[in-house]
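These notes are about the structure you will find just below.
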Number of protein chains: 2
Amino acid sequence: MKTYIETNKQRFFDELFSILRIPSISSAAERKPDMLKCAERLAELLREAGADRAEVCPTSGHPVVFGSRFVDESWPTVLVYGHYDVQPVDPLELWKSDPFEPEIRDGAIYARGANDDKGQLFMHIKAFEYLVREGKLRHNVKFLFEGEEEIGSPSLAAWAEKNRELLKADVILVSDTTMISESVPSINCGMRGLSYVEVKVTGPDKDLHSGHYGGAVANPINVLCDMISSLIDGDGRITVKGFYDDVVELSDEDRMKLSRAPFDLGEYKDFLGIREVKGEKGYTTLERTGIRPSLDVNGIWGGYTGEGAKTVLPSEAYAKISMRLVPNQDSAKITELFSEHFKSIAPDYVSVEITPHHGGNGFLIPISSPAYQAASRAMAEVYGIEPVPSRGGGSIPVLADLQRILGIDPLLMGFGLERDTIHSPNESYLLKQLFSGMEAISLFYKYFEKK
Amino acid sequence: MKTYIETNKQRFFDELFSILRIPSISSAAERKPDMLKCAERLAELLREAGADRAEVCPTSGHPVVFGSRFVDESWPTVLVYGHYDVQPVDPLELWKSDPFEPEIRDGAIYARGANDDKGQLFMHIKAFEYLVREGKLRHNVKFLFEGEEEIGSPSLAAWAEKNRELLKADVILVSDTTMISESVPSINCGMRGLSYVEVKVTGPDKDLHSGHYGGAVANPINVLCDMISSLIDGDGRITVKGFYDDVVELSDEDRMKLSRAPFDLGEYKDFLGIREVKGEKGYTTLERTGIRPSLDVNGIWGGYTGEGAKTVLPSEAYAKISMRLVPNQDSAKITELFSEHFKSIAPDYVSVEITPHHGGNGFLIPISSPAYQAASRAMAEVYGIEPVPSRGGGSIPVLADLQRILGIDPLLMGFGLERDTIHSPNESYLLKQLFSGMEAISLFYKYFEKK
């Protein structure tokens, strides 16, 4: 496929940039027209690449793009999943170039979505186009691109339930994750689940002057800090009652296998600019993000946050809190346990409201599966070494849903790198990974046979 | 003075509203022109009221308005202090009417600054005007209105040092505080000081995806919450090392005197909409805000605070933290102690920056002073009962500075009420208090003689 990439490179850039330019931020209500525009452009790209069917399908939220080329019942069928929605871009001032005007610098594309997931889903469209145009396609291919992954895929499960027949396949192929490093390819065989809630702590029913009331009236910010602080104990364990009940402890043998993944703590700390790592006692850094659940405050706000000083004792304080879950933990149950616990620790002098945002369960796929084996051969051929099976810390809750609804295992063949800083300013995607990914995906088709 | 008020009421409203309409928010850089406009309008009002001198004086920050009517060296001289700057107005959506378009509803003026301090300083201008026009003035009067009280008066002390002669007086008369209730007049004979800092906690050097890193990398919001939570112990005492060293414990007798102030805990809780009060163990609510120091988070922010959910593990978290101090605690020393303590409790996996905002010392004035006695007689005549000496929780740090620089005691004859919700949305000032205040101030002049 190398020659094909070389010949078509400029067109590839033009096409990819045309979708990167659309600010398809799913969490921002005012971006609704951009969501549709992006979906329509993707359907167009699928048709141009060789899909005989490509449509924008309404859901209860942002639309789904479905495309397919179905030739022969006897051929294996690959369902490609991706998402065209992106994260918000704030803090905007930290971006070196416009997040929605892609720029190539130092061998990488810089734009929101350059990697997550527009860049990665684009590799699938181009690998498919290559196989079609060169007459090498021996698979039925279906594309399912959703527009709500970054907000927890609230509509896709219901849409998939209604379209089980349409989505029937032998594997769900996904590129929405990272490799261990540029030189260490890896295939993600498990992802953490997610429970995400917003909490509100209310003290007095109006903002007060901190001079007149400070010391006599509980300050909801101080109380929220107390409550958040109590959620993780001195050993780095989450104190929510019942939180670990369903967590399966891994065997020493399994932990040994996972520890094969190369990892340099010094490099890791340097990359993040931190002096020390911090996490649950008794587990390594990779285990803490791979096989152990975690709890993070994703956002906090309350009181006066503007320029200068305001001596206010505020009425309300807020936080967005998320928990990453491991397989066997149920997202809905954890959300419930968290809510009960958080209410139970609220002192008398405040009231608490909890709003669940979204969530999903984790999952695990067998290394022995034909899809894993095909991906492994494909990546080995492109990178020159056998990829490492890894466990991912991030969540693609919808994949656990699709697995349950369609009865098909997802395979996570991701080409992102840590350096891409997805969800952060200056998201990027290395051209090298973009092109290696296209090549590896085209080889996946070569090696993947129906089980 | 009642008849004079009745005759001139509409003009009084027009004049007061003309200054309330100017958005003189001292903390907002873009309001600089409004600050000047407000100062000029005040100088104009002073001249019209009978000042033979009224000028806008530049300082290193927002200008000071100085006005005076100096007639006879042998007369006692009153220095009126007030401030024309106001607090920010956010959250704007909670205001029932435009904060800078005053409205009279249910017997009160609603506007930012209606009480604090434009409404209260206006009473002094009108009491002065009455005495001048009726030929009853037997005092030299000086007016000092600053534009930086809400940001900690960074420039006034230096300006006062340079203008000691100009400011020479027998008393500093201030209306910038509240009475205990509408039916219980009080005179504030002490105020708490203030130390106000902004803290920044930095974890990783960029925002991270909480799925990829959550559990392995310290989240600066969680760490900030831990640190804030540790600042107050289970007994409601501040844990900053050395914090209480200079606090003078009051004698049982003094505590008894202060407890004379009528106080109904049920009403207090109802007014604030809280089920329980919270504060330092072993002290009453009035003591907690009057004679004991306190610590409050005035603002907190970090991570994603927009609509919906973003799974970010942020790089930075911020808080504005203020401490109210009692007389004998030194603001600069406390800021230093806080900074040292906060740095000392920062774990290895984060770094901490501390920016002092502003501060000032508390002060106490003798009840036996001629000024206190004159104020007491004046208020008793207007309200029909003797005012209660009280201790205020709020800070007017600059008064401690003026007391030190000029060697004159300040007298806090405030007419605000709790219901006025200064610093909050829908700040108001009762017309009844506005007019009673004018009357009481005119009577103060009647009873105040040089000591």
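The values are calculated or read from the model by the stated rules, or taken from the named source; none is laboratory data. Just so it is clear, the model here is predicted, and its values are computed rather than measured. With ideal geometry, Cβ positions are generated from the backbone for all residues, glycine too; neighbour counts draw on all protein chains shown. Accessible surface areas use protein heavy atoms only, side chains included; no ligands, DNA or RNA. Shrake-Rupley method; radii C 1.70, N 1.55, O 1.52, S 1.80 Å.
Can you tell me which residue within region B:25-60, out of those that are more than 30 Å from B:GLY135 (Cβ to Cβ) and either touching a Leu at 6+ places or on another chain (Cβ under 7 Å) or not in a helix (DSSP H, G or I) (or both), is nearest to the other protein chains (Cβ to nearest Cβ)? First the steps, then the outcome.
Of region B:25-60, the ones more than 30 Å from B:GLY135 (Cβ to Cβ) are B:25-38, B:58-60.
Okay, now just the ones that are also either touching a Leu at 6+ places or on another chain (Cβ under 7 Å) or not in a helix (DSSP H, G or I) (or both), so B:25-28, B:58-60.
Working: B:ILE25: 9, B:SER26: 8, B:SER27: 3, B:ALA28: 7, B:PRO58: 20, B:THR59: 17, B:SER60: 16 Å.
Only one residue tops the list, namely B:SER27.
Scanning region B:342-357 for residues that are out of contact with any Phe, Trp or Tyr (no Cβ under 8 Å at 6 or more places or on another chain) and either within 13 Å of chain A (Cβ to nearest Cβ) or open to solvent by less than 30 Å² (accessible area, probe 1.4 Å) (or both) gives B:PHE342, B:ILE345, B:ALA346, B:PRO347, B:ASP348, B:TYR349, B:VAL350, B:SER351, B:THR355.
Within region A:410-440, the set of residues being part of a strand (DSSP E or B) and either over 16 Å from the mean Cα position of the chain (by Cα) or more than 21 Å from A:VAL398 (Cβ to Cβ) (or both) comprises A:SER428, A:TYR429, A:LEU430. When region A:168-226 is limited to residues that are among the aliphatic types (A, V, I, L, M) and part of a loop (DSSP other than H, G, I, E, B), the one that is farthest from the other protein chains (Cβ to nearest Cβ) turns out to be A:ALA169.
Can you tell me which residue within region B:318-332, out of those that are at the interface with chain A (Cβ under 8 Å from one of its Cβ atoms) and buried (at least 24 other Cβ atoms within 10 Å of the Cβ), is farthest from the chain's Cα centre (by Cα)? I'd like the intermediate steps shown before the answer.
Initial filter on region B:318-332 (at the interface with chain A (Cβ under 8 Å from one of its Cβ atoms)): B:318-320, B:322, B:324.
Those left that are additionally buried (at least 24 other Cβ atoms within 10 Å of the Cβ): B:319-320, B:322, B:324.
Values: B:ALA319: 21, B:LYS320: 17, B:SER322: 14, B:ARG324: 12 Å.
This residue is B:ALA319.
A single entry from B:SER74, B:SER60 fulfils the requirement of being under 22 Å from B:LYS446 (Cα atoms) and open to solvent by 30 Å² or more (accessible area, probe 1.4 Å): B:SER74.
Note on region A:294-314: residues that are open to solvent by less than 10 Å² (accessible area, probe 1.4 Å) and either among the small types (Gly, Ala, Ser) or in a loop (DSSP other than H, G, I, E, B) (or both) amount to 6. Looking at A:ASP116, A:ASP106, A:ASP85, can you tell me which residue is closer than 20 Å to A:THR178 by Cβ, open to solvent by 30 Å² or more (accessible area, probe 1.4 Å) and of a type outside the set (Val, Ile, Thr)? Result: A:ASP106 is the single residue among A:ASP116, A:ASP106, A:ASP85 that is closer than 20 Å to A:THR178 by Cβ, open to solvent by 30 Å² or more (accessible area, probe 1.4 Å) and of a type outside the set (Val, Ile, Thr).
The rows are residues; the columns are (1) aliphatic (A, V, I, L, M); (2) within 14 Å of chain A (Cβ to nearest Cβ).
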| residue | (1), (2) |
| --- | --- |
| B:PRO387 | no, no |
| B:ILE396 | yes, yes |
| B:LEU399 | yes, yes |
| B:ASP420 | no, yes |
| B:ASN426 | no, yes |
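The set of residues in region A:137-179 that are open to solvent by 30 Å² or more (accessible area, probe 1.4 Å) and in contact with a helix residue (DSSP H, G or I) (Cβ under 8 Å, 6 or more places away or on another chain) comprises A:ARG138, A:GLU161, A:ARG164, A:LYS168, A:ASP170, A:THR178. Filtering region B:144-167 to residues that are under 18 Å from the mean Cα position of the chain (by Cα) and not in a helix (DSSP H, G or I) leaves B:LEU144, B:PHE145, B:GLU146, B:GLY147, B:GLU148, B:GLY152, B:SER153, B:PRO154, B:SER155.
Only a single criterion out of (1) within 14 Å of another protein chain (Cβ to nearest Cβ); (2) over 18 Å from A:SER153 (Cα atoms) is not satisfied by A:LEU412, namely (2).
Across region B:282-317, what is the total count of residues that are within 26 Å of the chain's Cα centre (by Cα) and either at the interface with chain A (Cβ under 8 Å from one of its Cβ atoms) or not acidic (Asp, Glu) (or both)? Qualifying residue count for the region: 18.
For B:VAL277, the criteria (1) within 27 Å of the chain's Cα centre (by Cα); (2) more than 7 Å from every other protein chain (Cβ to nearest Cβ) hold in every case but one, which is (2). In region A:418-447, what residues are open to solvent by 10 Å² or more (accessible area, probe 1.4 Å) and of a type in the set (A, V, I, L, M, F, W, C)? Once the filter is applied, which keeps residues that are open to solvent by 10 Å² or more (accessible area, probe 1.4 Å) and of a type in the set (A, V, I, L, M, F, W, C), region A:418-447 yields A:ILE422, A:LEU430, A:LEU431, A:PHE435, A:LEU443. Determine, yes or no, whether B:SER68 is surrounded by 18 or more Cβ atoms within 10 Å (Cβ to Cβ), modelled with pLDDT of 95 or more, over 18 Å from B:ILE151 (Cβ atoms) and not β-branched (Val, Ile, Thr). Considered against the rule, which asks whether it is surrounded by 18 or more Cβ atoms within 10 Å (Cβ to Cβ), modelled with pLDDT of 95 or more, over 18 Å from B:ILE151 (Cβ atoms) and not β-branched (Val, Ile, Thr), B:SER68 comes out as yes. Number of residues in region A:3-29 that are open to solvent by 30 Å² or more (accessible area, probe 1.4 Å) and modelled with pLDDT under 95 equals 1. Reported count of residues in region B:381-409, each being in a helix (DSSP H, G or I), closer than 18 Å to B:ILE187 by Cα and modelled with pLDDT of 85 or more, is 5.
Can you find a residue that is within 14 Å of chain A (Cβ to nearest Cβ), open to solvent by 30 Å² or more (accessible area, probe 1.4 Å) and closer than 24 Å to B:GLY107 by Cβ anywhere in region B:370-384? Within region B:370-384, none of the residues are within 14 Å of chain A (Cβ to nearest Cβ), open to solvent by 30 Å² or more (accessible area, probe 1.4 Å) and closer than 24 Å to B:GLY107 by Cβ. Filtered by the rule that a residue be under 24 Å from the mean Cα position of the chain (by Cα) and not acidic (Asp, Glu), region A:238-249 gives A:ILE238, A:PHE243, A:TYR244, A:VAL247, A:VAL248.
Out of region A:400-417, which residues are basic (Lys, Arg) and open to solvent by less than 20 Å² (accessible area, probe 1.4 Å)? Please lay out each step first, then the result.
Within region A:400-417, the first condition is being basic (Lys, Arg), and the residues that meet it are A:404.
None; the set is empty.
Of all residues in region A:254-291, those satisfying the criterion of being in a loop (DSSP other than H, G, I, E, B) and surrounded by 14 or more Cβ atoms within 10 Å (Cβ to Cβ) are A:ALA261, A:PHE263, A:ILE274, A:VAL277, A:LYS278, A:GLY279, A:GLU280, A:TYR283, A:THR284, A:ILE291. Restricting attention to region A:227-243 and to residues that are open to solvent by 40 Å² or more (accessible area, probe 1.4 Å) and within 14 Å of another protein chain (Cβ to nearest Cβ), the residue that is farthest from A:ILE345 (Cα to Cα) turns out to be A:ASP235. Within region B:183-200, none of the residues are over 28 Å from the mean Cα position of the chain (by Cα) and crowded, with 24+ Cβ neighbours inside 10 Å.
In region A:177-192, the residues that are touching a residue at least 40 places away in the same chain (Cβ under 8 Å) form Cβ pairs under 6 Å with partners that are of a type in the set (D, E, K, R) and assigned to a strand (DSSP E or B), at six or more places apart or across chains, as follows: A:GLY190/A:ARG391; A:ARG192/A:ARG324.
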